[in-house]
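Chemist: Please see the structure below; I have some questions.
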Amino acid sequence: MPRPARPNQPSPSRSRRPQGDHRARQPAHEYVLDALPGLEAVAEAELRAVPLARDIRGLRFWYPGDPARLTRLRAPVAVYRVRAWEVPRPRGLLGHQPFGELTAFLAGVARWGGHRSFRLAAAGRESSVLARLADELQAALLLPHDPEEGELLIRLRPREDGPGWEVLARLTPRPLSARSWRVCNREGGLNATVAYALHRLAGQREEDRIFNPMSGSGTLLVERALMGPYDALVGVDVDPEAVECARSNLRAAGRAVEVACVDALHTGLPPRSFDLIVSDLPWGGAIGTHSGNAVLYPAFLREMHRLLSRQGRLVVLTHELRLFERVLREQDRWHARELFQVYSGGHWPRAYLLQKR
């Protein structure tokens with residue numbers, strides 16, 4: 001992969017640079033992470049563990065290191081490099097000096113990421129001004145403009161900290177949430193950043209014996225396998241095609257995890273077999289039915305209570321909020337609290353952490 005180009009233009013005026021340790025004397029760029037609504041805190045927590053990231057303001061930060069480190073983040077959907085211009089409207093970016101700076105900025109990102117096309121994302125992108133900007137960029141960058149599938153996603157929006165407009169250029173041709181290990185997908189598959197957040201907030205323990213019932217395409221299995229050591233990791237699904245799909249994704253991720261074609265409610269395993277159980281329950285949309293879930297959810301909680309160790313944790317993601325909370329009210333064996341609610345795939349599912357009373 002080519003190294004990122006060294007910038008040969010000074011940052012625009014009023015673009016706030018961080019104060020602090022300048023011993024490394026490396027050129028720093030401003031970046032912003034894009035996270036699913038509801039997972040911003042998880043993305044920020046992961047960002048704060050990145051060496052050299054500084055002047056962190058929510059999901060905005062400065063970073064002088066290799067951008068490849070940022071593309072290994074697992075909680076955000078995407079990472080963008082940011083630059084701002086003091087122009088009153090996007091038309092101002094077509095001026096001689098701003099356009100030269102804009103072209104150099106975008107060319108640096110495109111060279112680093114290997115993008116083969118670009119697209120613009122902005123309010124009024126069908127306007128004559130943005131159409132002209134797209135034409136000028138196509139000629140200057142020598143990249144085709146693909147309004148729907150362009151790999152270099154360029155976002156234009158008003159600045160947050162003053163007058164002018166800022167341009168965000170996505171570092172990678174595909175979103176970070178489109179994991180390279182996903183060679184098989186199924187309808188209703190879980191977004192990988194949501195799976196990461198579930199495991200992150202459930203807690204990582206090397207001694208955990210982890211169970212993923214109704215594992216589907218294996219997203220929860222792969223994400224946990226990539227996070228670090230564990231004592232055991234097992235997934236089951238009653239659908240043989242889902243089992244093979246999960247196995248394919250695990251092979252692509254280079255992880256050996258047991259996935260069996262077994263009914264999660266009738267595994268035959270002894271009591272207290274697991275310390276952590278993580279499940280994306282059927283919502284009654286792409287998978288399952290609402291009437292079926294009314295029977296499934298109480299039975300699921302009973303069987304998971306049997307399989308979970310005394311101090312174990314059960315993490316559940318569902319969009320059947322009324323049903324799940326009613327089932328919780330009607331039982332006295334679990335203590336539950338909400339972990340997060342996230343916007344994903346047009347829904348607002350909620351994650352819960354349950355522990356035995």
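The values are calculated or read from the model by the stated rules, or taken from the named source; none is laboratory data. This structure is a prediction, so every number in the text was calculated from the model and none was measured. FYI the Cβ positions are ideal-geometry reconstructions off the backbone, even for glycines, and counts take in every protein chain you see.
Chemist: Return the residue satisfying two criteria in turn: it lies in the stretch 230-254 and is outside any strand (DSSP E or B) and small (Gly, Ala, Ser), and of such residues it is surrounded by the fewest Cβ atoms within 10 Å (Cβ to Cβ). Spell out the reasoning first.
Modeler: Going residue by residue through the stretch 230-254, those that are outside any strand (DSSP E or B) are 230-231, 237-254.
Still in the list and also small (Gly, Ala, Ser): 242, 246, 248, 252-254.
On the way: 242: 23, 246: 27, 248: 16, 252: 16, 253: 20, 254: 10.
Result: 254.
Chemist: Pick out the one residue from 272, 302, 326 that is more than 26 Å from the chain's Cα centre (by Cα), on the phi > 0 side of the Ramachandran plot, of a type in the set (D, E, K, R) and in the same structural domain as residue 203 (by TED's automatic domain parsing). So that I can check it myself, show each step before the final result.
Modeler: Details: 302 fails: on the phi > 0 side of the Ramachandran plot; 326 fails: on the phi > 0 side of the Ramachandran plot.
Among 272, 302, 326, only 272 is more than 26 Å from the chain's Cα centre (by Cα), on the phi > 0 side of the Ramachandran plot, of a type in the set (D, E, K, R) and in the same structural domain as residue 203 (by TED's automatic domain parsing).
Chemist: Same structure again: Could you check, for the stretch 211-229, whether at least one of its residues is modelled with pLDDT of 95 or more, assigned to a loop (DSSP other than H, G, I, E, B), farther than 30 Å from residue 348 by Cβ and not assigned by TED's automatic domain parsing to the domain that holds residue 75?
Modeler: Looking through the stretch 211-229, at least one residue is modelled with pLDDT of 95 or more, assigned to a loop (DSSP other than H, G, I, E, B), farther than 30 Å from residue 348 by Cβ and not assigned by TED's automatic domain parsing to the domain that holds residue 75.
Chemist: Additional query: Would you confirm, using the coordinates I've provided, whether residue 217 is under 25 Å from residue 42 (Cα atoms) and hydroxyl-bearing (Ser, Thr, Tyr)? Break it down into steps so the answer makes sense when it comes.
Modeler: Values: under 25 Å from residue 42 (Cα atoms): yes; hydroxyl-bearing (Ser, Thr, Tyr): yes.
For residue 217, the condition - under 25 Å from residue 42 (Cα atoms) and hydroxyl-bearing (Ser, Thr, Tyr) - is met.
The rows are residues; the columns are (1) in contact with a helix residue (DSSP H, G or I) (Cβ under 6 Å, 6 or more places away or on another chain); (2) modelled with pLDDT of 95 or more.
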{"residue": "34", "(1), (2)": "no, yes"}
{"residue": "43", "(1), (2)": "no, yes"}
{"residue": "60", "(1), (2)": "no, yes"}
{"residue": "64", "(1), (2)": "no, yes"}
{"residue": "72", "(1), (2)": "no, yes"}
{"residue": "76", "(1), (2)": "yes, yes"}
{"residue": "83", "(1), (2)": "yes, yes"}
{"residue": "88", "(1), (2)": "no, no"}
{"residue": "102", "(1), (2)": "yes, yes"}
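Chemist: Taking the conditions exactly as written (modelled with pLDDT under 95 and not in a strand (DSSP E or B)), does residue 49 satisfy them or not?
Modeler: On the way: modelled with pLDDT under 95: no; not in a strand (DSSP E or B): yes.
So residue 49 fails the test.
Chemist: Turning to a different aspect of this structure: Consider residue 120 carefully, then state whether it is at negative phi and in a strand (DSSP E or B). Walk me through how you get there before you give the answer.
Modeler: Numbers: at negative phi: yes; in a strand (DSSP E or B): yes.
Considered against the rule, which asks whether it is at negative phi and in a strand (DSSP E or B), residue 120 comes out as yes.
Chemist: While we're looking at this one, here's another question. Need a quick list: strands (runs of 3 or more DSSP E) entirely within the stretch 266-357 having at least 3 residues that are in contact with a Phe, Trp or Tyr (Cβ under 8 Å, 6 or more places away or on another chain) and without any contact (Cβ under 8 Å) to a residue 60 or more places away in the chain.
Modeler: Numbers: elements: 274-280, 308-318, 334-341, 350-356.
Once the strands (runs of 3 or more DSSP E) in the stretch 266-357 are filtered for at least 3 residues that are in contact with a Phe, Trp or Tyr (Cβ under 8 Å, 6 or more places away or on another chain) and without any contact (Cβ under 8 Å) to a residue 60 or more places away in the chain, what remains is 308-318, 334-341, 350-356.
Chemist: Tell me which residues, restricted to the stretch 71-129, are of a type in the set (D, E, K, R), farther than 30 Å from residue 45 by Cβ and in contact with a strand residue (DSSP E or B) (Cβ under 7 Å, 6 or more places away or on another chain). Give the steps one after another, and end with the answer.
Modeler: Of the residues in the stretch 71-129, the ones of a type in the set (D, E, K, R) are 72, 74, 81, 83, 86, 89, 91, 101, 111, 116, 119, 125-126.
Remaining after also requiring farther than 30 Å from residue 45 by Cβ: 86, 89, 91, 101, 111, 116, 119, 125-126.
Of everything in the stretch 71-129, just one residue is of a type in the set (D, E, K, R), farther than 30 Å from residue 45 by Cβ and in contact with a strand residue (DSSP E or B) (Cβ under 7 Å, 6 or more places away or on another chain), namely 119.
Chemist: While we're here: Might you check whether a residue that is in contact (Cβ under 8 Å) with a residue 60 or more places away in the chain, hydroxyl-bearing (Ser, Thr, Tyr) and either buried (at least 21 other Cβ atoms within 10 Å of the Cβ) or within 21 Å of residue 175 (Cβ to Cβ) (or both) occurs anywhere in the stretch 80-100?
Modeler: yes
Chemist: Further question on the same structure: Among the residues of the stretch 182-210, which ones are closer than 24 Å to residue 344 by Cα and among the aliphatic types (A, V, I, L, M)?
Modeler: Those that are closer than 24 Å to residue 344 by Cα and among the aliphatic types (A, V, I, L, M): 183, 190, 192, 194, 195, 197, 198, 201, 202.
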